[in-house]
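> One structure coming up, written as structure tokens, with questions to follow.
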Amino acid sequence: MRTETAMLVVGHGSRDADGIEEFWELAAAIRAVSPVPVGFGFIELASPTVDEAIDALVADGATEIVSVPLVLLSAGHLKNDGPAALARARARHPEVRFRLARDLGIEPRVLDAATDRIRDAASDADPEKLGVALIGRGSSDPDACADLWKVGRLLSDGRGLGTIEPGFVSVAGPSVPETLERLRLLGAATAVVAPFFLFPGVLLNRIHDQAAEWATDHPEVTVRGAAHLGADPRLAALVVERYREARHGDVRMNCDLCAYRVQLPGYESKVGTPISLTPHGDAPARGRRGARRSTRAPAAPPRIPVRRGRFVVSDFRGYNPENHSPQPPAIEVSELSFAYQDGRQALSVVSLQVEPGERVALLGPNGAGKTSLVLQLNGVLTPSSGSVRISGLAVDRKNLAEVRRRVGVVFQDPDDQLFTPTVGRDVAFGPAHLGLRGDELDERVTEALSRVGLLDAVNRPPHRLSFGERRRAAVATVLAMHPEVLVLDEPTSNLDPAARREFADLVKRLGMTTLLVTHDLPYALELCPRSVVLDHGQIVADGPTREVLADTGFMTAHRLELPAGFNPLGG
């Protein structure tokens, strides 16, 4: 009897003939790259069973068997039936050592395969008007459902796939129609329905049927079907890696969501070639075939034709190098890190670019690093590493005076900026220190107060103004410096509804490059097409405000909470 290690690949099993055929196609690819003998078995619905496959490997001399579940995300069968099968095997074969590897999971090769399927379906669709309904099986296991949201989050990072919204075809929500409706409300003109499945089957047909029905009712959106992942050679290599992990140890970050956001050396060059998903030939499938009429999957993913009509387009206009004008960015932060003297790391490798005229909300929980970042813009704080430029001018000691003219910061408490006997003198204070005198200084004061609607308050003491008026007077003190960037720190703090409305109208009317630092999420949505979210000193999101606020899982993870009853998708 030989002494050796073997690998057992465990599939779920299916009544669908094409699904079983694709399993064996992937099995052949796994055998071709495996360094050890490989057996294959199914939990249910197809043969050989897991027990039969284990017994065959033991009969061939295996004294150690590593079981690799061929599932994308950890689901009930991995947590229950897989270990149960190994427990039965240990009882039958006490002399054999058994190990259980983890699922394929959230891994770059899985993400790359999904990306290729989505891109094939999206074809020439405009990424800014593209939405992707990433549809999973659905499970009563919350971990399996949560993992699909992680996959969606990672697919939305830098892959040019538009808006990604996860959904489920059974058990869990949102459903396929609900997911497509969210994409429509978020402004998608083209929606790609991407099944996050390894193999075809009844649920895949159900996804396509539900998508087609929704498309018929919504002719204003072009709906396209993407292929499932299938027998992709990259997945065969991943199965072998899972085997090696189980035998020799799993060296990785604990959090999949973090681990695969890290751009490892060479990662960005991994571009896979999509495999053919045409029918698999005439060779018979191994497995227990069911009735093909009711379970046979379509030979190719559907393209669901609909009439083109009107659609809602997000007004987000982020930085796009192809549309970049010769004018330098209004704000350019490059790999900036900053630590306070006590050693506390406030910012870690932050990069941010804001174009002239953009209004951007800076969001995040308390302690996220928002204030630390803002104070870097006008040189109050000095970075530990990295750089900041304002309209092309480096923020450093020799440029400090000009930088502080270009960046106007309006503090949360307007009384911090109003300290002289009259509003007019407060507004004149900054320009006077620049050397302006006489008529030129008076013109600056008149211009600034006129822009905020307080010209008649020029000779009034600040303490005689309402809080909303004092807020606008503080803005005037900044406008008098002719800044290029306006930073508003919690501008709605202590404002009544009427004053909030007046201030929003003012910000829109000014038309300046504006960075809005706020916890008032509805206000951010009203004023800023784009939002940047900071947490623990790092940018964790940068995109259309409506999409950021609509991502409930992301919002919860980063301690951001919308007011009760507020729906960012409404209106």
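> Suppose the filter is touching a residue at least 12 places away in the same chain (Cβ under 8 Å), within 16 Å of residue 468 (Cα to Cα) and not hydrophobic (A, V, I, L, M, F, W, C); does residue 491 pass it? Before you say what the answer is, go through the steps one by one.
On the way: touching a residue at least 12 places away in the same chain (Cβ under 8 Å): yes; within 16 Å of residue 468 (Cα to Cα): yes; not hydrophobic (A, V, I, L, M, F, W, C): yes.
Spelling it out, residue 491 is indeed touching a residue at least 12 places away in the same chain (Cβ under 8 Å), within 16 Å of residue 468 (Cα to Cα) and not hydrophobic (A, V, I, L, M, F, W, C).
> Contact list please: Cβ distance under 7 Å, first residue in the stretch 354-380 and within 19 Å of residue 404 (Cα to Cα), second residue of a type in the set (Phe, Trp, Tyr) and surrounded by fewer than 22 Cβ atoms within 10 Å (Cβ to Cβ), pairs at least six apart or on different chains.
Short answer, once both residue conditions are applied: 355/319.
> Let me ask something additional. From 165, 181, grab the single residue that is surrounded by 24 or more Cβ atoms within 10 Å (Cβ to Cβ), charged (D, E, K, R) and within 20 Å of residue 548 (Cβ to Cβ).
Numbers: 181 fails: surrounded by 24 or more Cβ atoms within 10 Å (Cβ to Cβ).
Going through 165, 181 in turn, the sole match is 165.
> Within the set of pairs 6+ apart or on separate chains, which have a first residue in the stretch 412-433 that is under 21 Å from residue 401 (Cβ atoms) and in contact (Cβ under 8 Å) with a residue 24 or more places away in the chain, a second that is β-branched (Val, Ile, Thr) and crowded, with 17+ Cβ neighbours inside 10 Å, and C-beta atoms under 6 Å apart?
417/477; 426/477; 427/445; 427/477; 428/445
> Follow-up question, since we're still on this one. How many of the residues in the stretch 547-571 are in contact with a Pro (Cβ under 8 Å, 6 or more places away or on another chain) and under 15 Å from residue 518 (Cα atoms)?
6
> While we're on this one: Kindly indicate whether residue 58 is modelled with pLDDT of 90 or more, hydrophobic (A, V, I, L, M, F, W, C) and closer than 27 Å to residue 114 by Cα. Working first, answer last.
On the way: modelled with pLDDT of 90 or more: yes; hydrophobic (A, V, I, L, M, F, W, C): yes; closer than 27 Å to residue 114 by Cα: no.
No.
> Confirm whether residue 491 is touching a Lys or Arg at 6+ places or on another chain (Cβ under 8 Å), in a loop (DSSP other than H, G, I, E, B), under 14 Å from residue 414 (Cβ atoms) and not hydrophobic (A, V, I, L, M, F, W, C). Quick ask: steps written out before the conclusion?
On the way: touching a Lys or Arg at 6+ places or on another chain (Cβ under 8 Å): yes; in a loop (DSSP other than H, G, I, E, B): yes; under 14 Å from residue 414 (Cβ atoms): yes; not hydrophobic (A, V, I, L, M, F, W, C): yes.
Here the answer is yes, as residue 491 does meet what is asked.
> Taking the conditions exactly as written (aliphatic (A, V, I, L, M) and buried (at least 22 other Cβ atoms within 10 Å of the Cβ)), does residue 515 satisfy them or not? Before the answer, list the steps.
Working: aliphatic (A, V, I, L, M): yes; buried (at least 22 other Cβ atoms within 10 Å of the Cβ): yes.
In short, yes.
> For the stretch 182-213, which positions are within 24 Å of residue 567 (Cα to Cα) and either part of a loop (DSSP other than H, G, I, E, B) or more than 25 Å from the chain's Cα centre (by Cα) (or both)?
Selection gives 186, 187, 188, 189.
> Now for a separate question. For the stretch 352-427, please list each of the strands (runs of 3 or more DSSP E) lying entirely inside it that holds at least 1 residues being within 27 Å of residue 519 (Cβ to Cβ), among the basic types (Lys, Arg) and touching a helix residue (DSSP H, G or I) at 6+ places or on another chain (Cβ under 7 Å).
Values: elements: 359-363, 385-390, 407-410.
By residue number, 359-363.
> So which residues in the stretch 217-250 are in contact (Cβ under 8 Å) with a residue 24 or more places away in the chain and basic (Lys, Arg), if there are any at all? Please lay out each step first, then the result.
Taking the stretch 217-250 as the starting set, the residues that turn out to be in contact (Cβ under 8 Å) with a residue 24 or more places away in the chain are 218-240, 242-243, 245-247, 250.
Within the stretch 217-250, 224, 234, 242, 247 qualify.
> Quick one: would you say residue 413 is surrounded by 13 or more Cβ atoms within 10 Å (Cβ to Cβ) and in contact with a Leu (Cβ under 6 Å, 6 or more places away or on another chain)? Before the answer, list the steps.
Numbers: surrounded by 13 or more Cβ atoms within 10 Å (Cβ to Cβ): yes; in contact with a Leu (Cβ under 6 Å, 6 or more places away or on another chain): no.
Spelling it out, it is not the case that residue 413 is surrounded by 13 or more Cβ atoms within 10 Å (Cβ to Cβ) and in contact with a Leu (Cβ under 6 Å, 6 or more places away or on another chain).
> It is to be established whether one or more residues within the stretch 452-468 are charged (D, E, K, R) and in a helix (DSSP H, G or I).
First, the residues of the stretch 452-468 that are charged (D, E, K, R): 456, 460, 464.
With the extra rule that they be in a helix (DSSP H, G or I), the set shrinks to 456, 464.
Yes, there is a match, as at least one residue in the stretch 452-468 is charged (D, E, K, R) and in a helix (DSSP H, G or I).
> If we scan the stretch 157-177, do we find a residue that is acidic (Asp, Glu), modelled with pLDDT of 90 or more and within 21 Å of residue 117 (Cα to Cα)?
Filtering the stretch 157-177 down to residues acidic (Asp, Glu) leaves 157, 165.
Applying the additional criterion that residues be modelled with pLDDT of 90 or more yields 165.
In the following step, the residues that additionally are within 21 Å of residue 117 (Cα to Cα) were identified as 165.
Checked against the condition, which is being acidic (Asp, Glu), modelled with pLDDT of 90 or more and within 21 Å of residue 117 (Cα to Cα), the stretch 157-177 yields at least one hit.
The values are calculated or read from the model by the stated rules, or taken from the named source; none is laboratory data. The shown structure was predicted, so the numbers you read here are calculated from the model rather than taken from an experiment. Here the Cβ is made from the backbone with ideal geometry for all residues, glycine too, and neighbour counts use every protein chain on show.
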